[in-house]
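Here's the structure we're looking at; comments come further down.
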Amino acid sequence: MGKTLAEKVWDAHVVHSAEGEPDLLYIDLHLVHEVTSPQAFDGLRNSGRKVRRPDLTLITEDHNVPTLDVAKPIADPVSAEQIRVVRANADEFGLRIFSIGDKEQGIVHVVGPQLGLTQPGMTIVCGDSHTSTHGAFGALAFGIGTSEVEHVLATQTLPLKPFKTMAITVNGKLPADVTAKDLILAIIAKIGTGGGQGYVLEYRGEAIRGLSMEGRMTMCNMSIEAGARAGMIAPDETTFEYVKGRDHAPTGADWDAALEYWKTLTTDSDAKFDNEVVIEASTLAPFVTWGTNPGQGLPLSASVPSPNDAKDEVEKVAIERALEYMDLKPGTPLKEVKVDNVFVGSCTNGRIEDLRAAASVLKGNKVASTVEMWVVPGSGRVRIEAELEGLDKIFIEAGAQWRFAGCSACLAMNPDKIPAGKRAASTSNRNFEGRQGPGARTHLVSPEVAAATAILGHLASPADLVNV
Amino acid sequence: MDKFVTHKGIAAPLRRSNVDTDQIVPAEYLKRVTRSGFGDGCFASWRKDPDFVLNNPGFTGTSVLVAGPDFGTGSSREHAVWALQDYGFKAVISSRFADIFKGNSGKGGLLAGEVSQDVIEKIWEKLEANPGTEVTVNLEDRTVTCEDIVAEFVIDDYVRWRLMEGLDDIGLTMKHVGTIDTFEKTRPTFKPKVQ
């Protein structure tokens, strides 16, 4: 029997395997940030261990960094301490670090791919659940806990039990106004936030092949919101084209050897998945979440659901709770929901294509006077690239704030918080209660919908601008 | 990680069920950047109550916690295990553990042994009647002994073996260091390096 893509990558990294024990898997790239690493480094110190492969370990500062006044010291003492400690650890253990002010600094999952460090067929881990992003290249990439961070630092391996595999096949072409973000939100709404539990998801089909690398990263990024350990997409010409020529991409004979290997990284026709979901692309539309988990989403043209629509008592209670927190009434058309804040950024949608998409909608328009809009590039490089293209001017002229790179308002660990009681349209990945700040309300959207919403002051798609 | 074969120490009765990890170590203590020092966060809210069991001088120096069912529910924070260990606990005996907490305990070297709630009740009575009573936790025999009570506890075979060998996951992997060296030599040269 053939193998799935995930099984091929897994098998190529098994260092040791024995009956009754987890497999010992080799890790090709370990990404590290300041929040989940301090105790791991402390553990190494306490046991007198070293980092086995500093050349396969990369640190970037992202969760705690401010996105304004970045030259000033960090005001919050806890954030400042985490940054101080991660720098000291990088120094002590001889690791490469991208600190605030470095043009390579940025969100860990934006930095890896843009440097060409993320390549097909690799195993990639990070103490961060959105590590699934890197699966867009046909890498097996997943988030780990602090003990596991220490384990990888010390041994460059992890003991793991194999994951199950699930195919998510998206047939046909996406309608012109439907983005990768809409597609993944629709998938999560369909399979639920626990639907992917224990699985590696492989996204397949014509609609997936038609996505850019950045769109694919948006998809794989949010695999974790469906409960999955990882998401993957088989590499193809789009992937090879994206990797070629980047700082850490192979060159010469290495490139040829790599390409030959990468082309084998597809699921065999006779391989069996443990589960399969099929979606018809033509049925999709711009999507938005209305509730407090990423599975509570609907097409933008729909109305706020009623607890009476629930299929069981558990869901009914969940809808009631969500509506109360979100301050929404059943039956209200989603497009009538007024928004106070708009956030474009994060590891989900903070890449150059996302900024281009938002800018193309904002160009020649103004952000509504009732809305505060922040545009936060995913990395220093994305910021520079956007400025070379003049996107910063479009944002500023429209009335949005153009900021420095970081995780920003995605997770309320830095100064960028949505105030209590305010409603945000956000291109990030989690709409949990309090995720963007205590009492903040979040609607997850694509960059295009975020921009149109900023202009009109209520949830809207670019198509609604034409009708104004 | 120290080998755990048998441990004798003062046991404290925690007469509560559903002790979640927010109680074991409140979120405000998570901002620490070291792995040690979480002991002052251990049951921090409850310790503000002078009547809380750990404030009873009779249980000073306790190293075995005897708790009700569903110990360690809630957030997956590994800090909960670190806090219990830093406070001085070597073992927790309960009638049921939350899955993630049980996994984290095994990783961290804290013994989490399951006995029936009936046994827990009997041990509680002994400990409350005579604060300072010592309990023996024998991992080899999988028994917990409190005066005349001898009860078998349940623990995963693989976890038991690791604890008895004193092997944390890293220590265990280090046994395969030669295999890792060999594997590294076969890695293709096109794989990227950070520096």
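The values are calculated or read from the model by the stated rules, or taken from the named source; none is laboratory data. Note that this is a predicted model, so its numbers are computed, not measured. When we count neighbours, we look across all protein chains shown, and the Cβ atoms used for this are built from the backbone with ideal geometry, even at glycine. Side chains included, ligands, DNA and RNA excluded: accessible areas come from the protein's heavy atoms. Shrake-Rupley method; radii C 1.70, N 1.55, O 1.52, S 1.80 Å.
Results, tabulated for the structure shown:
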quantity	calculated
Number of the condition not met by A:Met166 [criteria: (1) open to solvent by 20 Å² or more (accessible area, probe 1.4 Å); (2) over 11 Å from A:Ile233 (Cβ atoms)]	(1)
Filter result for the condition that a residue is farther than 15 Å from B:Pro13 by Cα, modelled with pLDDT of 95 or more and in contact with a Gly (Cβ under 6 Å, 6 or more places away or on another chain), over B:Ala83, B:Ala98	B:Ala83
Residue list for region B:141-163, restricted to those being away from every other protein chain (no Cβ under 12 Å) and either more than 17 Å from the chain's Cα centre (by Cα) or closer than 30 Å to A:Ala12 by Cα (or both)	B:Asp141, B:Thr145, B:Cys146, B:Glu147, B:Asp148, B:Ile149, B:Val150, B:Ala151, B:Glu152, B:Val159
Conditions (1) out of contact with any Leu (no Cβ under 9 Å at 6 or more places or on another chain); (2) open to solvent by 40 Å² or more (accessible area, probe 1.4 Å); (3) without any contact (Cβ under 8 Å) to a residue 60 or more places away in the chain; (4) not polar (S, T, N, Q); number of the one not met by B:Trp46	(1)
So B:Asp70, is it more than 22 Å from B:Glu165 (Cα to Cα) and at pLDDT below 95	yes
Residues that are within 30 Å of A:Gly252 (Cβ to Cβ) and either in a helix (DSSP H, G or I) or more than 7 Å from every other protein chain (Cβ to nearest Cβ) (or both), drawn from region B:164-189	B:Ile180, B:Asp181, B:Thr182, B:Phe183, B:Glu184, B:Lys185, B:Thr186, B:Arg187
Sole residue being more than 14 Å from chain B (Cβ to nearest Cβ), in a helix (DSSP H, G or I) and surrounded by fewer than 19 Cβ atoms within 10 Å (Cβ to Cβ), chosen from A:Glu324, A:Glu260, A:Glu276	A:Glu324
Helices (runs of 4 or more DSSP H) (entirely within region A:349-468) containing at least 1 residues that are within 29 Å of A:Pro77 (Cβ to Cβ) and of a type outside the set (Ser, Thr, Tyr)	A:380-388
Yes/no for A:Met413 being on the phi < 0 side of the Ramachandran plot, open to solvent by 20 Å² or more (accessible area, probe 1.4 Å) and out of contact with any Pro (no Cβ under 8 Å at 6 or more places or on another chain)	yes
Residues being surrounded by 24 or more Cβ atoms within 10 Å (Cβ to Cβ) and touching a strand residue (DSSP E or B) at 6+ places or on another chain (Cβ under 7 Å) - total across region A:134-147	7
Residue selected from region A:39-78 under the condition without any contact (Cβ under 8 Å) to a residue 60 or more places away in the chain and open to solvent by 60 Å² or more (accessible area, probe 1.4 Å), by the criterion nearest to the other protein chains (Cβ to nearest Cβ)	A:Asn46
Matching residues, region B:143-155, being touching a helix residue (DSSP H, G or I) at 6+ places or on another chain (Cβ under 7 Å) and assigned to a loop (DSSP other than H, G, I, E, B)	B:Glu147
Unique match (being under 17 Å from A:Met413 (Cβ atoms), within 9 Å of chain B (Cβ to nearest Cβ) and open to solvent by 20 Å² or more (accessible area, probe 1.4 Å)) among A:Glu21, A:Glu81	A:Glu81
Condition met for A:Thr179 (within 14 Å of chain B (Cβ to nearest Cβ) and either within 18 Å of the chain's Cα centre (by Cα) or under 28 Å from B:Ala80 (Cβ atoms) (or both))	no
Condition check for B:Ser17: touching a Pro at 6+ places or on another chain (Cβ under 8 Å) and either within 14 Å of chain A (Cβ to nearest Cβ) or under 24 Å from B:Thr143 (Cβ atoms) (or both)	yes
Residue pairs meeting the criteria (Cβ under 9 Å; at least 6 apart or on separate chains; first buried (at least 24 other Cβ atoms within 10 Å of the Cβ), in region B:19-37; second basic (Lys, Arg) and assigned to a loop (DSSP other than H, G, I, E, B))	B:Thr21/B:Arg77; B:Ile24/B:Arg77; B:Val25/B:Arg77
Criterion (within 14 Å of chain B (Cβ to nearest Cβ), in contact with an Asp or Glu (Cβ under 7 Å, 6 or more places away or on another chain) and open to solvent by 10 Å² or more (accessible area, probe 1.4 Å)) met by exactly one of A:Leu115, A:Leu95, A:Leu160	A:Leu160
